[in-house]
Amino acid sequence: MIDKTIIEFINEHHVLTLAVSNAEASYCANCFYAFADNENMLIFTSDLETKHIKYAIENKNVSGSIVLETKQIGKIQGVQFVGEIIELKDEILKQSNKLYLNKFPYAIVMKTKLWGVKLNFIKFTDNRLGFGKKIIWEDK
């Protein structure tokens, strides 16, 4: 189970940076997200024609970050994650759609597709707990 401090941080924010790559190149994108803590999954929406989704279809292994922007060293917080991108279908799609629209109700008018990043590693840095304090979670 993911440490509750990490879950609280993830739920306090709404934009992640997703890093993807294929055989020729790498790319990153910023996406609004909702967190399905029962699935250890970040839910986001994106069109099939975006560069990051095209790359992710070729290589499902992705990484990314969620950060608090601050210049105050004692308040620095951030998550770095590794996971696999999945196309949401069936029951998990229904649940994820409800979760995403609850957080971003205006997304109902968007004609995009929901995706998930199934997390398998998280490093949470939280300087409020001590300089450079890290909490690591891995799905084993």
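Any read-out appearing in this document is the output of simple, stated calculations on the displayed coordinates, not a laboratory observation. The structure displayed is predicted, hence computed values, not measured ones. With ideal geometry, Cβ positions are generated from the backbone for all residues, glycine too; neighbour counts draw on all protein chains shown.
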Longest exposed-loop-site-free stretch of the chain, with GluC sites (Glu not before Pro), DSSP loop and at most 13 other Cβ within 10 Å? 70-140
Work out the length of the dipole vector of the chain about its Cα centre, built from +1 on the beta-carbon of each Lys and Arg and -1 on the beta-carbon of each Asp and Glu, and round it to the nearest 20 debye. 300
In the stretch 42-86, which trypsin sites (Lys or Arg not before Pro) fall in coil by DSSP and have 15 or fewer other Cβ atoms within 10 Å? 60, 71
Quick one: net charge of residue 8's neighbours, Cβ under 13 Å, K/R +1, D/E -1? -2
Based on the inverse mean of 1/r over its pairs of different Cα atoms, what is the Kirkwood hydrodynamic radius of the chain, in Å? 15.6
Working from the alpha-carbon coordinates of the stretch 70-125, get Rg over Rh, Rh being the Kirkwood radius. 1.11
What are the ³J(HN,Hα) values, in whole Hz, obtained from phi via the Karplus relation 6.51 cos²θ - 1.76 cosθ + 1.60 with θ = phi - 60°, for each residue of the stretch 78-83 in sequence order, with x given for Gly and Pro? x, 10, 10, 9, 10, x
Past the 21 Å Cα-Cα mark, which pairs from 4/75; 103/133; 75/98; 75/140; 51/123; 51/103? 103/133; 75/98; 75/140; 51/123; 51/103
Phi-derived 3J(HN,Hα) across the stretch 39-54 with the Karplus relation (6.51, -1.76, 1.60, θ = phi - 60°), rounded Hz, x for Gly and Pro, is 10, 6, 9, 8, 9, 9, 10, 6, 7, 4, 8, 6, 4, 5, 6, 4
Sequence-separation-based contact order of the chain, relative, with Cα cut under 8 Å and 6+ spacing, percent: 25
Each label point is 7 Å from the Cα along the Cα-to-Cβ direction; what then is the distance between the points at residue 4 and residue 134, in nm? 2.5
